[in-house]
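**Q** The following block contains the structure, expressed as structure tokens.
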């Protein structure tokens, strides 16, 4: 019997799916690694083939017919991709997760053994990265970032954002540094000490303001660009760092870093930002990703406000 099913040409279909996924011709072209003119040509070809307007070019969006069609073909193409991946990897779904390095190094990596024990059928690949994932070109399933309050919303179209934790942030230094520097009785007095920062002074400026010392002039003594380098410098007695419980599990337990403040009354821990998980909308309900984000949220919620946490 002849196959009477109707199939559109695959290249235009793929371009249409990428446009609906990324919400833009240039982003779709980046996702497909082709010129944007190729995407435009494929989109017109699909409209001509179907005889239905799929794009509202004045708005740069899908028409109602285009939205309905995209919802169905995107699910079908995802199923094809997942079936092919399972075939090539022996049925073990793979998750590609990018993560801000400090969170990955100090907290996440030591807990992944628990995740793998609970979900042995998922092949999770973790990549620490300072750069935010470009989901359309990097093939990333999930990205974990830390963003300061007040920063512009950095979730691009088609990406969902789920907050994991708003940890308390507090100043820390090595016992040796505190012996040299002497007691610091006031929050404003911290500004006279060498302050260590990842990049600019924003974290310190926001922390001072929320800790009750707005207007303090902040000039970091050193910029390290990585949270684990900032903490390493603090351990060596080079100055005072800002940290949160996700970065300080071992230091607080071992006493290599201690919280600053009057004796018996450390300076307050205040939330100045949040860790968040970013996931493409069309992958949000994939079973492997549901298991990972559920596990990750549960583990993040276990962090205690005093800077300690249960064993993972």
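The values are calculated or read from the model by the stated rules, or taken from the named source; none is laboratory data. Just so you know, these numbers come straight off a predicted model, no measurement behind them. Here the Cβ positions follow ideal geometry from the backbone for every residue, glycine too, while neighbour counts run over all protein chains shown.
**Q** Test of understanding: among 259, 235, 293, which residue is in contact with a helix residue (DSSP H, G or I) (Cβ under 9 Å, 6 or more places away or on another chain) and either modelled with pLDDT under 90 or closer than 30 Å to residue 119 by Cβ (or both)? Can you show your working first?
**A** Values: 235 fails: either modelled with pLDDT under 90 or closer than 30 Å to residue 119 by Cβ (or both); 293 fails: in contact with a helix residue (DSSP H, G or I) (Cβ under 9 Å, 6 or more places away or on another chain).
It is 259.
**Q** Also, quick follow-up: Considering each residue of segment 265-289, count those that are surrounded by fewer than 16 Cβ atoms within 10 Å (Cβ to Cβ) and within 18 Å of the chain's Cα centre (by Cα), and give that number.
**A** Qualifying residue count, segment 265-289: 3.
**Q** Have a look at 203, 198, 249 and point out the one that is free of Cβ contacts under 8 Å to residues at least 40 places away in the same chain and either surrounded by 18 or more Cβ atoms within 10 Å (Cβ to Cβ) or under 22 Å from residue 129 (Cβ atoms) (or both).
**A** Values: 203 fails: free of Cβ contacts under 8 Å to residues at least 40 places away in the same chain; 249 fails: free of Cβ contacts under 8 Å to residues at least 40 places away in the same chain.
One residue alone meets the criteria, 198.
**Q** Tally time: how many residues in segment 113-135 are assigned to a helix (DSSP H, G or I) and surrounded by fewer than 16 Cβ atoms within 10 Å (Cβ to Cβ)? Quick ask: steps written out before the conclusion?
**A** Here is the first cut: in segment 113-135, the residues assigned to a helix (DSSP H, G or I) are 113-118, 135.
Of the ones still in play, those that are also surrounded by fewer than 16 Cβ atoms within 10 Å (Cβ to Cβ) are 113-114, 116-118.
Looking only at that region, the number is 5.
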